[in-house]
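S.K.: Please see the structure below; I have some questions.
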Amino acid sequence: MIFATQPASAVSQIGGTAFSVDKKTAAPGDQLTLTLSLTNTEPNAISFAYVYVQPTWPTNQRTDVVTPTGCGGESVDCSYGGFNSAAAFHLTTPIPPGATRTVTVTARITSTPAWTGSYTLNWAPYVYAEYGSTAPDFTKDGLWAGGLPELQTVIS
């Protein structure tokens with residue numbers, strides 16, 4: 001028998017993340033605020049950090065559920081909107097060990113839903129960080145493709 005080993009990944013799961021949405025239930029026309037935070041839990045400063053969030057499928061394929069209306073926080077830039085209702089940030093760096101950067105996204109639920117009954121809106125974040133001062137000593141990332149209970153709102 002021959003056994004092959006898998007190569008070690010250069011990117012590992014990121015810790016120090018926290019996510020929340022201000023409304024667990026909402027009505028058509030309501031505004032939501034998503035909060036995304038990254039705390040540096042490593043001994044090296046974070047020299048580059050990127051955060052991206054979009055609704056999960058099938059909402060990210062629909063234009064009649066939610067629309068981002070703004071973003072802000074501790075970032076050097078922020079973009080939002082588009083067909084998939086996404087928001088993207090480059091966090092303000094460096095982030096020293098133990099420090100936290102927080103960003104927010106505001107989004108409005110459509111006031112004229114095309115569905116009947118309740119609809120579950122869930123958001124999927126992605127976080128990427130590079131640690132080190134010149135060339136990154138290492139990188140970490142985290143993708144929550146299926147969404148998170150912390151970022152779920154039931155619209156009814």
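No value in this document is a laboratory result; all are computed from the given coordinates. Source: prediction; values computed, not measured. So basically every Cβ, Gly included, is an ideal-geometry build from the backbone, and we count neighbours across all protein chains shown.
Residue by residue, here is whether (1) under 15 Å from the mean Cα position of the chain (by Cα); (2) within 14 Å of Leu32 (Cβ to Cβ); (3) buried (at least 19 other Cβ atoms within 10 Å of the Cβ) holds:
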site: Asp77; (1), (2), (3): yes, no, no
site: Ser85; (1), (2), (3): yes, yes, yes
site: Leu91; (1), (2), (3): yes, no, yes
site: Pro96; (1), (2), (3): no, no, no
site: Ala99; (1), (2), (3): no, no, no
site: Thr102; (1), (2), (3): yes, no, no
site: Ala107; (1), (2), (3): yes, yes, yes
site: Pro113; (1), (2), (3): no, no, no
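S.K.: Is it fair to say Thr153 is touching a Gly at 6+ places or on another chain (Cβ under 7 Å), within 15 Å of Phe19 (Cβ to Cβ) and either touching a residue at least 40 places away in the same chain (Cβ under 8 Å) or among the basic types (Lys, Arg) (or both)? Spell out how you get there, then give the answer.
M.R.: Numbers: touching a Gly at 6+ places or on another chain (Cβ under 7 Å): no; within 15 Å of Phe19 (Cβ to Cβ): yes; either touching a residue at least 40 places away in the same chain (Cβ under 8 Å) or among the basic types (Lys, Arg) (or both): yes.
Criteria not met by Thr153.
S.K.: Also: Name, by its number, the condition in (1) touching a strand residue (DSSP E or B) at 6+ places or on another chain (Cβ under 6 Å); (2) within 17 Å of Trp123 (Cβ to Cβ); (3) polar (S, T, N, Q) that does not hold for Gln61.
M.R.: (1)
S.K.: Please specify each residue of segment 57-94 satisfying the condition of being part of a loop (DSSP other than H, G, I, E, B) and closer than 20 Å to Gln13 by Cα.
M.R.: Start the filter on segment 57-94 by keeping residues that are part of a loop (DSSP other than H, G, I, E, B), which leaves 57-58, 62-65, 74, 82-85, 92-94.
Thr93, Pro94, listed by residue number.
S.K.: Filter segment 16-31 down to the residues that are hydrophobic (A, V, I, L, M, F, W, C) and either under 10 Å from the mean Cα position of the chain (by Cα) or closer than 30 Å to Glu130 by Cβ (or both), then identify the one that is surrounded by the most Cβ atoms within 10 Å (Cβ to Cβ). Give the steps one after another, and end with the answer.
M.R.: Taking segment 16-31 first, the residues hydrophobic (A, V, I, L, M, F, W, C) are 18-19, 21, 26-27.
Those still in the list that are either under 10 Å from the mean Cα position of the chain (by Cα) or closer than 30 Å to Glu130 by Cβ (or both) too: 18-19, 21.
Working: Ala18: 12, Phe19: 19, Val21: 21.
The residue in question is Val21.
S.K.: Also, I was wondering about something else. For the list (1) within 17 Å of Val154 (Cα to Cα); (2) hydrophobic (A, V, I, L, M, F, W, C); (3) crowded, with 18+ Cβ neighbours inside 10 Å, I need the number of the one condition that Trp57 fails.
M.R.: Here Trp57 clears every test but (3).
S.K.: Scan segment 60-75 for residues that are among the β-branched types (Val, Ile, Thr) and surrounded by 20 or more Cβ atoms within 10 Å (Cβ to Cβ) and jot them down. Steps first, please.
M.R.: Of the residues in segment 60-75, the ones among the β-branched types (Val, Ile, Thr) are 63, 65-67, 69.
Residues satisfying the conditions are Val65, Val66.
S.K.: When you go through (1) surrounded by 19 or more Cβ atoms within 10 Å (Cβ to Cβ); (2) under 26 Å from Thr120 (Cα atoms) one by one for Asn40, which number turns out not to apply?
M.R.: Of the numbered conditions (1) surrounded by 19 or more Cβ atoms within 10 Å (Cβ to Cβ); (2) under 26 Å from Thr120 (Cα atoms), the odd one out for Asn40 is (2).
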